[in-house]
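Engineer: This is the structure I want to talk about, given as structure tokens.
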Amino acid sequence: MSIVVQKFGGTSVASAAHIENVARKILKTIANGDQVVVVVSAMGDQTDRLDSLAKEIDFYEPASRRELDVLLSTGEQVTIAALAMTLMKLGCPAKSFTGRQAGIQTDASHTRARIINIDTTRLRASLASGKVPVVAGFQGVDDGGNITTFGRGGSDTTAVALAAVLQARECQIFTDVSGVHTTDPRVVDTARLLEKVTFEEMLELASLGSRVLHSRAVEFASKYEVPLRVLSSFEEGPGTLITSEEDSDMEQVIIAGIAFTREQAKLTVLGVSDVPGVAWKILGPVSEANIEVDMIVQNVAADNTTDFTFTVGRDNYQEAMDILKKVANDIGAREVTGDDKIAKLSMVGVGMRSHAGVASRMFEVLAEKAINIQMISTSEIKISVVIAEEYLELAARALHTAFDLGEKGS
């Protein structure tokens with residue numbers, strides 16, 4: 001009998017009625033002959049409410065991070081008990097497990113812990129006794145017995161990790177969308193549901209703005225060869241399988257999808273001396289402030305100076321600008337400029353490896369729409385551009401059409 005790990009996100013368990021719908025999906029899987037281990041998130045926006053409470057308390061000392069984990073972990077504990085009771089009401093034996101009870105051991109990095117080991121003894125005993133284990137996602141316990149949480153994508157990561165150690169046939173991620181689409185269907189109404197995506201493509205899509213799965217969970221699944229399937233909690237369908245295996249006709253599929261993110265900002269240090277170490281002098285202080293840098297471009301002029309440009313999240317824009325103004329004085333730069341109204345758009349596909357001309361066609365389409373490209377970044381299976389945010393949706397629709405990514409006949 002195969003094991004299937006099923007994870008249900010916050011929108012899937014937002015109310016008692018939603019939880020009963022989840023329970024019936026679990027029963028259907030069991031009826032098909034599989035054993036099921038369930039992982040759940042907090043109900044609806046419960047984690048956001050708990051986080052808001054912490055912000056109202058307004059105490060940010062190192063010791064408070066431990067208490068924040070204790071607070072945030074309670075959201076999932078509510079859900080596991082409610083779902084276990086619902087399953088029992090429907091005649092299915094079930095047992096709830098906190099992260100600690102499920103044997104999930106982590107390091108001691110509160111609010112951003114990493115899984116070190118999972119002791120599956122209790123979970124396997126529950127399965128052997130015919131009870132469905134319902135596990136709290138997003139949390140574990142460190143060597144000192146302290147509750148830890150995993151940060152963004154934590155419940156997805158919990159599900160993938162359990163699927164890996166239990167050698168599950170599949171890890172199924174149930175959410176409020178029917179699977180992975182060629183792009184955001186809320187922006188492009190002809191976006192097509194993808195039957196299969198490689199780990200490599202999904203990792204790029206997730207890191208570039210596709211919010212169906214968190215990149216951390218995809219990376220974990222890729223490392224341990226755990227087949228992932230994204231499905232809807234609210235409608236029937238095959239969803240999207242994410243696997244290491246490429247289709248035999250994969251070369252025919254050049255672009256798997258288009259991802260984008262709006263909340264971006266660009267900063268440029270003008271007139272920097274083109275000497276060794278200048279990049280470190282600029283980015284070192286930004287890194288020390290825990291500001292994550294994304295795309296980087298350096299242009300060298302004929303007068304032996306350079307303009308150094310990089311992007312950050314929009315919420316870090318002002319802090320990064322303040323840092324750069326001080327850095328500019330220290331290194332003798334001419335000026336610091338910025339723009340917090342940009343967006344990043346990316347095309348992803350393993351088919352790019354064997355097809356030339358994707359970048360030129362992309363640039364041609366954007367030129368036809370009079371959309372200026374401010375920055376470009378490429379890899380073997382990805383092309384990313386920075387454009388003005390006001391043109392993002394126009395660009396996404398135009399590229400989706402140009403590369404024939406929509407439903408056939410649409």
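Engineer: Let me spell it out: the conditions are (1) farther than 18 Å from MET85 by Cα; (2) of a type in the set (Val, Ile, Thr); (3) at pLDDT 95 or above, and THR47 meets all of them except one. Which number is the exception?
Structural biologist: (3)
Engineer: Right, another one. Of the conditions (1) closer than 30 Å to ILE381 by Cα; (2) in a strand (DSSP E or B); (3) touching a Leu at 6+ places or on another chain (Cβ under 6 Å), VAL336 clears all except one; give me its number.
Structural biologist: If we test VAL336 against (1) closer than 30 Å to ILE381 by Cα; (2) in a strand (DSSP E or B); (3) touching a Leu at 6+ places or on another chain (Cβ under 6 Å), just (1) comes out false.
Engineer: Restricting the search to the stretch 369-391, which residues are aliphatic (A, V, I, L, M) and either surrounded by fewer than 18 Cβ atoms within 10 Å (Cβ to Cβ) or touching a His at 6+ places or on another chain (Cβ under 9 Å) (or both)? I'd like the intermediate steps shown before the answer.
Structural biologist: First pass over the stretch 369-391, keeping only residues aliphatic (A, V, I, L, M): 370-371, 373, 375-376, 381, 383, 385-388.
ALA370, ILE373, ILE376, ALA388 - these are the residues of the stretch 369-391 that are aliphatic (A, V, I, L, M) and either surrounded by fewer than 18 Cβ atoms within 10 Å (Cβ to Cβ) or touching a His at 6+ places or on another chain (Cβ under 9 Å) (or both).
Engineer: Which of the residues spanning the stretch 222-232 are in a loop (DSSP other than H, G, I, E, B) and surrounded by 18 or more Cβ atoms within 10 Å (Cβ to Cβ)? Walk me through it before giving the result.
Structural biologist: Filtering the stretch 222-232 down to residues in a loop (DSSP other than H, G, I, E, B) leaves 224-227.
Answer for the stretch 222-232, where residues must be in a loop (DSSP other than H, G, I, E, B) and surrounded by 18 or more Cβ atoms within 10 Å (Cβ to Cβ): just VAL226.
Engineer: Looking for whichever is over 17 Å from the mean Cα position of the chain (by Cα) and surrounded by fewer than 23 Cβ atoms within 10 Å (Cβ to Cβ) here; the options are GLU219, GLU235, GLU200. Which one fits?
Structural biologist: Of GLU219, GLU235, GLU200, the one residue that is over 17 Å from the mean Cα position of the chain (by Cα) and surrounded by fewer than 23 Cβ atoms within 10 Å (Cβ to Cβ) is GLU235.
Engineer: Output the residues belonging to the stretch 362-397 that are in contact with a helix residue (DSSP H, G or I) (Cβ under 7 Å, 6 or more places away or on another chain), assigned to a helix (DSSP H, G or I) and closer than 24 Å to LEU203 by Cα.
Structural biologist: Across the stretch 362-397, the qualifying residues are MET362, ALA395.
Engineer: Here is a further query. Please find, among SER178, SER207, SER155, SER215, the residue that is hydroxyl-bearing (Ser, Thr, Tyr) and without any contact (Cβ under 8 Å) to a residue 40 or more places away in the chain.
Structural biologist: Values: SER178 fails: without any contact (Cβ under 8 Å) to a residue 40 or more places away in the chain; SER155 fails: without any contact (Cβ under 8 Å) to a residue 40 or more places away in the chain; SER215 fails: without any contact (Cβ under 8 Å) to a residue 40 or more places away in the chain.
Exactly one residue qualifies, and that residue is SER207.
Engineer: Which one of these is over 14 Å from GLY137 (Cα atoms) and out of contact with any Gly (no Cβ under 9 Å at 6 or more places or on another chain): LEU72, LEU68? Full working, then the answer.
Structural biologist: Working: LEU72 fails: over 14 Å from GLY137 (Cα atoms).
One residue alone meets the criteria, LEU68.
Engineer: A further question on this structure: How about the stretch 339-360: which of its residues are part of a helix (DSSP H, G or I) and buried (at least 17 other Cβ atoms within 10 Å of the Cβ)?
Structural biologist: Of everything in the stretch 339-360, those that are part of a helix (DSSP H, G or I) and buried (at least 17 other Cβ atoms within 10 Å of the Cβ) turn out to be VAL350, GLY351, MET352, VAL358.
Engineer: Of all residues in the stretch 377-410, how many are among the small types (Gly, Ala, Ser) and touching a Leu at 6+ places or on another chain (Cβ under 8 Å)?
Structural biologist: Looking only at that region, the number is 4.
Engineer: Restricting the search to the stretch 1-31, which residues are closer than 15 Å to GLN172 by Cα, part of a loop (DSSP other than H, G, I, E, B) and out of contact with any Lys or Arg (no Cβ under 6 Å at 6 or more places or on another chain)?
Structural biologist: GLY9
Engineer: Scanning for something touching a Gly at 6+ places or on another chain (Cβ under 6 Å), surrounded by fewer than 16 Cβ atoms within 10 Å (Cβ to Cβ) and farther than 17 Å from GLY153 by Cβ, does the stretch 81-93 turn up at least one residue? Reasoning before the result, please.
Structural biologist: So in the stretch 81-93, the residues touching a Gly at 6+ places or on another chain (Cβ under 6 Å) come out as 93.
Right, trim to surrounded by fewer than 16 Cβ atoms within 10 Å (Cβ to Cβ) and you get 93.
Subsequent filtering for residues that are farther than 17 Å from GLY153 by Cβ retains 93.
Yes.
Engineer: Now a separate question. In the list LEU83, LEU50, which residue meets the criterion of being under 18 Å from PHE174 (Cβ atoms) and of a type outside the set (D, E, K, R)?
Structural biologist: LEU83
The values are calculated or read from the model by the stated rules, or taken from the named source; none is laboratory data. Keep in mind it's a predicted model, so treat the numbers as computed, not measured. Neighbour counts are summed over all protein chains in view; Cβ atoms, including those assigned to glycine, are modelled from backbone coordinates with ideal geometry.
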